[in-house]
Amino acid sequence: MLEKKINGFSVVAYATQPEGRTPPRAFLETRRLVAKVKEGEADAQQVLDPDGAEPAPAPAPPEGRPFEIFVSRRFRSAIEAMSAARNALDRVTSVDEDGVPDPLPE
């Protein structure tokens, strides 16, 4: 997996192995980066339950948003699919606020 950070998103390129009659596939996945908080600020930002007894659970990590690329292309191997995903990642110049990379191939 290769990663590139753009506009507050982590963009990852990866490929899947062939499974049965399903050929290898190439993907780009975007995930919003979580802002880092200093230790002193973390205590101040903890939200208490209405009872004031226990802190509320921490928010779950952001979900990734996968995009299958080169859908019309049939890769002969996972190495070829990963190479195509890597090349597509190199061409990505921006990510919009919904997490869609631009340009998104095929």
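The values are calculated or read from the model by the stated rules, or taken from the named source; none is laboratory data. Predicted model, so just to flag it, every value in this text is computed and none were measured. The area values use the complete protein model at the heavy-atom level, side chains included, leaving out ligands, DNA and RNA. Shrake-Rupley method; radii C 1.70, N 1.55, O 1.52, S 1.80 Å.
Structural remarks
- Amide H contacts of residue 2: 13, each under 5 Å away and 5 or more positions distant or on a separate chain (H built 1.01 Å from N in the peptide plane; Pro and chain starts excluded).
- Solvent-accessible ranking of 3, 29, largest area first, probe 1.4 Å: 3, 29
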